[in-house]
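Everything on this sheet refers to the single structure shown next.
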Amino acid sequence: MRSFWDEAAQRNAMFYVDTSLGYDDPDPEAFLAGGRRIADIALDETKATPPGHGLAVEIGSGLGRICAALSETFEKVVGFDISAEMVRQAEELVNRPNVEFRHGNGVSLTGVDDATADFVLTFTVFQHAPRRSIIRANIHEAARVLRDGGVFAVQWNATPGPIRWRAHRIKMGLLGRLGRADAKGRDVPQFLGSRVPLGAMDRMLADAGFIRVGLAEPDSLFTWAWAVRRR
């Protein structure tokens, strides 16, 4: 995962964070505006309200566009990314005193104390995780750092057919080794990731101490859920 996203960041970081942009000439203004829209969705399209505006954490912060938007609402924002190159570029792009980026290991939020965050967000990250265990570990870390009543906004690929998707991922990996892969690397296992049905996601959330309070776009590539941490 780390090597794939480091290479992607070196090739064209903005595109790999948001593949709706043009590869040859991505629009920086549209890119940043997208971060504001995502933050608005995460904060406004649910009945759950964070218990405060102290600390927000983003899992998989990429170039930091969502962290930048969250910094207008929260006193401090910490973004974690598995790619050191993404973190380096994020620090150049987002120059705000209340935003910090950290190079993470992909499964933990090291350095954030227990029960200190008001809000945790992840967007277009879980859908790229090649194993469900990685998603589960991140959910438990979100639960660890959130205060009682803290809100977790999570987006993932809930399209039906997780077993079929794993088979497709294996097939595309074999084609890649034969030199028949997408030139931009969008059909390798590290990009294709995993599908997680809503029932499985609900179980992982509940096991970590969350109560799901909101849902949008079920059974889709861009399914959203909002969950409240209860201690």
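The values are calculated or read from the model by the stated rules, or taken from the named source; none is laboratory data. These numbers come from a predicted model, not from an experiment. All Cβ positions, even for glycine, are placed from backbone atoms using ideal geometry, and neighbour counts span all protein chains on display.
Listed by first and then second residue, the pairs with beta-carbon distance under 6 Å, at least 6 apart or on different chains, first residue in the stretch 95-106 and without any contact (Cβ under 8 Å) to a residue 60 or more places away in the chain and surrounded by fewer than 17 Cβ atoms within 10 Å (Cβ to Cβ), second outside any strand (DSSP E or B) and among the hydroxyl-bearing types (Ser, Thr, Tyr), are 96/71; 98/71.
Residue 142 falls short on exactly one of the conditions (1) small (Gly, Ala, Ser); (2) under 17 Å from the mean Cα position of the chain (by Cα); (3) assigned to a strand (DSSP E or B), and that condition is (3).
Of the residues making up the stretch 164-212, those that are in a helix (DSSP H, G or I), of a type in the set (Lys, Arg) and either at pLDDT 70 or above or exposed (fewer than 15 other Cβ atoms within 10 Å of the Cβ) (or both) are 164, 166, 171, 177, 203.
Among the criteria (1) out of contact with any strand residue (DSSP E or B) (no Cβ under 6 Å at 6 or more places or on another chain); (2) of a type in the set (Gly, Ala, Ser); (3) crowded, with 16+ Cβ neighbours inside 10 Å, the one residue 161 does not fulfil is (3). In the condition set (1) surrounded by 19 or more Cβ atoms within 10 Å (Cβ to Cβ); (2) of a type in the set (Asp, Glu); (3) more than 15 Å from the chain's Cα centre (by Cα), residue 81 is compliant with all but (3). The set of residues from the stretch 41-77 being of a type in the set (Lys, Arg) and either crowded, with 22+ Cβ neighbours inside 10 Å or under 17 Å from the mean Cα position of the chain (by Cα) (or both) comprises just one member, 65. Of all residues in the stretch 77-94, those satisfying the criterion of being farther than 18 Å from residue 7 by Cβ and either in contact (Cβ under 8 Å) with a residue 60 or more places away in the chain or assigned to a strand (DSSP E or B) (or both) are 77, 78, 79, 80. Of all the listed residues (120, 154), the sole one being assigned to a strand (DSSP E or B), of a type in the set (Val, Ile, Thr) and touching a Gly at 6+ places or on another chain (Cβ under 8 Å) is 120.
Listed by position, the helices (runs of 4 or more DSSP H) enclosed by the stretch 1-76 that each have at least 2 residues that are within 27 Å of residue 133 (Cβ to Cβ) and in contact (Cβ under 8 Å) with a residue 60 or more places away in the chain are 2-17, 28-44.
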